[in-house]
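Trainee: To start, I am sharing the structure in question, which I have written as structure tokens.
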């Protein structure tokens, strides 16, 4: 299986709508359209049935308390969409020329989503849900696995369920919102180095700076929660990007991709003028007579754009000069009997 995300040759940006539609199907469609206009590659939802997700007596999570729910079961139930609605949302995403994704939270939801999604996203909390992971793996589709809450041994065990080409990891911190000091973005190069697979970042910080830093650290997938109104005092709204934020984030990511370049260091064409005209060359610090053995104190390095570059000073110290040189004049190879060579045996670059 080829790695799904390598085909895009760019950072893959997911607008995580999640439950920020607040249970409104019309709002969910509006959010798909707005995310597409912002330039995302995909939108993502959450697919489940409350009775397969949580017991009925769990108190409502703190993020949903402002809504007046007594149990989290009731909150989740009000956020459910039907199978037909998910089919329509997938079609609406395709109509807007972006990819439709959703996170399944139970086996039935995996089957519901299978014909609708090109890849499965697994939530951090389900990284230890081997029953779900094995069922998703059986669908033989690419998988994005979030790693919030996880330790290395748990990630090892989860990855072992999938083929190396099937799974991509997202660094994630399961705190809503995540404080700057908790973002731990250096986990991104750690995961890349340890697993040798594609790594991205699922962001729960406020703002978009962490996403940009993640890209600079090697993330090729960015998942950012999306909302129309960040001031809503419940759910994931406060840590989400609004349409303006999302558009600017994507513009910044595309600009940053250009800035990153390649993992090499070389002199670029745009630097040729500076290399020729701004680097220092070796000049005479004093008047020097023919036959003199050159010493360090006879040399000064100044900008002239000609002659022997300053880093060849060791090649002329101790050599006899063939002709007179006035103070300020540049040293050239014509001043010496022997060819001035670089340390590796190659003639110097002018």
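No value in this document is a laboratory result; all are computed from the given coordinates. Note that the coordinates shown come from a computational prediction; the quantities given were computed from them, not determined experimentally. Note that each Cβ is placed from the backbone with ideal geometry, even for glycine, and that neighbours are counted across all protein chains shown.
Trainee: Once all Cα-Cα distances of the range 190-283 are split into 10 Å bins that start at 0, what whole-number percent is in each one?
Mentor: Distribution as computed: 14, 32, 24, 16, 10, 4, 1, 0 percent.
Trainee: So, one more: GNM, the chain, Cα, under 10 Å: largest mean-square fluctuation among 107, 278, 191?
Mentor: Taking springs between Cα atoms under 10 Å, the residue moving most is 278.
Trainee: Here's something else I'd like to know. I need the shape label for the range 269-335. Rule: rounded when a/c is under 1.5, else prolate if a/b > b/c, else oblate, with a, b, c from the alpha carbon gyration tensor.
Mentor: prolate
Trainee: What is the helix-to-structure angle for 25-38, meaning the angle in degrees between its Cα long axis and the longest Cα principal axis of the chain, kept from 0 to 90 and rounded to the nearest 10?
Mentor: Helix 25-38 sits at roughly 10 degrees to that axis.
Trainee: Another one. Give me the extension gain from residue 184 to residue 300: residue separation times 0.36 nm, minus the current Cα-Cα distance, reported in nm with one decimal.
Mentor: Net length gain for the segment: 36.9 nm.
Trainee: Give or take rounding to whole Å, what are the principal axis extents of the alpha carbon atoms in the chain, in descending order?
Mentor: 97, 40, 37
Trainee: With 10 angstrom as the radius, rank 146, 157 by how many other C-beta atoms surround their C-beta, starting from the fewest.
Mentor: 157, 146
Trainee: Would you look at the GNM of the chain, springs on alpha carbons closer than 10 Å, and say which of 284, 183, 15 moves the most?
Mentor: Between 284, 183, 15, it is 284 that shows the largest mean-square fluctuation.
Trainee: Another question, if that's okay. Compute the orientation-averaged projected area for the range 2-158 from the convex hull of its Cα atoms and round it to one decimal in nm².
Mentor: Across all orientations, the range 2-158 yields a mean hull projection of 10.1 nm².
Trainee: Per DSSP H run of at least 4 residues, take -39500 (n - 2.57); add these up for the chain, divide by its residues and hand me the 222 nm value, nearest 500 deg cm²/dmol.
Mentor: -8500 deg cm²/dmol
Trainee: Looking at the chain only, what percent of DSSP beta bridges run antiparallel? Nearest 5 please.
Mentor: 30
Trainee: Please report 122, 253 as a ranked list, fewest other C-beta atoms within 10 angstrom at the top and most at the bottom.
Mentor: Ordered from fewest to most neighbouring Cβ atoms within 10 Å, 122, 253 come out as 253, 122.
Trainee: Relative to the present Cα-Cα distance, how much length would full extension add between residue 58 and residue 27 at 0.36 nm per residue of separation?
Mentor: 8.4 nm
Trainee: Need the full-extension length gain, residue 87 to residue 292, defined as separation in residues times 0.36 nm minus the C-alpha distance. One decimal, nm.
Mentor: 65.0 nm
Trainee: On a 0 to 90 degree scale, rounded to 10, what angle separates helix 83-95 from the longest Cα axis of the chain?
Mentor: The two axes meet at around 30 degrees.
Trainee: For 317, 222, 188, what's the fewest-to-most ordering of other Cβ within 10 Å of each Cβ?
Mentor: 317, 188, 222
Trainee: Given a 10 angstrom Cα cut-off, can you work out which residue in 263, 51, 154 is the most mobile in a GNM of the chain?
Mentor: So, out of 263, 51, 154, the one fluctuating most is 263.
Trainee: Compute the helix-to-body angle for 243-260: its Cα long axis versus the longest principal axis of the chain, expressed 0 to 90° and rounded to tens.
Mentor: Its long axis makes an angle of about 30 degrees.
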